[in-house]
1. Please state the charge dipole magnitude for the chain, taken about the Cα centre, from unit charges on C-beta atoms (+1 on K and R, -1 on D and E), reported in debye and rounded to the nearest 20.
2. Report P(r) for the range 103-219: all Cα-Cα distances, bin width 5 Å, range 0 to the bin holding the largest distance, values in whole percent.
3. So what's the net charge close to Asp114: Lys and Arg +1, Asp and Glu -1, counting the other residues with Cβ under 12 Å from its Cβ?
4. Determine, from the Cβ-Cβ distance of Met298 and Ala48 and an R0 of 35 Å, the FRET efficiency 1/(1 + (r/R0)^6), rounded to the nearest 0.05.
5. For the chain, with the dipole built from +1 on Lys and Arg beta-carbon atoms and -1 on Asp and Glu ones, taken about the Cα centre, which of Leu306, Leu94, Ile51 lies farthest toward the positive end?
6. Given an 8 Å cut-off on Cα distances and at least 6 residues of separation, report the relative contact order of the chain as a percent.
7. For the range 163-242, what is the convex hull volume of its Cα atoms per residue in Å³?
8. Counting only protein heavy atoms and a 1.4 Å probe, tell me what percentage of the chain's accessible area is made up of carbon and sulfur.
Amino acid sequence: MDDLELHDDLFELSREADAKKAAEASVPSNSYWKDSWGRLRKNKGAFAGLIMIGLILFMAIAGPYMNSHGFDDQNLEHANLPPKVPGLEQISWLGMSGTDIRGIDQYAAKDVQDYYWFGTDSLGRDIWTRIWEGTRISLYIAFLAAALDLVIGVAYGSISAYYGGRVDNVMQRVIEVLIGIPSLIVIILLILVLQPGIISITLAMVITGWVNMARIVRGQVLKLKNQEFVLASRTLGAGDARLMGGHLIPNTLGPIIITTMFTIPNAIFTEAFLSFIGLGLQPPIASLGTLVNDGFKMMKIYPHLLMYSSIIISMIMVSFNLLGDGLRDSLDPKMRK
């Protein structure tokens, strides 16, 4: 063998190596996001929450146009009518027959020919239209507040962690001051100064709402900035903006998305609370909080005024929390089996 020249024809792959190579070739490669989506789909609770969110968003867009009643159309002759739905009015236990708590058919008593699927309020306005219009406004406020929290929090946290030293020390003292002030007091004071409205409520929630996002991003960037791939990119000449925008922030997307999913229901609850205490949106604008506030006053006599808006708020809160929990598990590489 010493006199022979070694070349590939003298060697052949074993059957075991061929089988292993074929098995590797037959397995499709999965990206991080594709693998995370696969784990999310297997989580029944999170996927149910995702479907519920999609349904609520669809109804918030299309719901107000499903009948001929405007959200602020008043008809005092149709005031305080209970719910009545065609096809379901014969099933008494559903509460969709137009009969009030005393057993009186208010539609027959007032000679009303129209159907109000969720009933009407004290001014004769259609609750169905007002609930979905209010859902649209509440979701708009929540998504806008979450987007501003995302932008401010990610920028502030990443800059603080990346530069470190005195810059990080000063920026974290600012966060500690904001955390020390009760956020509800800041929100109420700002709304009193700016007058209640969509923009003022959103700005009031953003003033302290971005702090949690900034702290999470800072922790993630501190963990990543000294790793080898960042050092390699810096060695190849990448600048600060390239390192943060191309490497550090993309590698923190998992915690960012999860935090945003929990920010949205918190913003909806805050808006509903402000409207409930009279500091939210003013009539005739409807939101879920104003509808709950109106229904609470007459809950014992006309329970339908409170019931449906409360159910929608509960569905939004539960669905976003289920989706947030599912995203936390699916985006965590440690959960991969």
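1. 1000 debye
2. Bins of 5 Å from zero give 2, 10, 14, 14, 12, 10, 8, 6, 6, 5, 4, 3, 2, 1, 1, 0 percent of pairs.
3. -2
4. E between Met298 and Ala48, to the nearest 0.05, is 0.60.
5. Value computed over the given set: Leu306.
6. 22 percent
7. It is 117 Å³ per residue.
8. About 62 percent, which is the carbon plus sulfur part of the accessible surface.
The values are calculated or read from the model by the stated rules, or taken from the named source; none is laboratory data. For clarity, every value in this text was computed on a predicted model and none was experimentally measured. Glycine also receives a Cβ, built like all others from the backbone with ideal geometry; neighbour counts cover every protein chain displayed. For accessibility, only protein heavy atoms count, side chains too; no ligands or nucleic acids. Shrake-Rupley method; radii C 1.70, N 1.55, O 1.52, S 1.80 Å.
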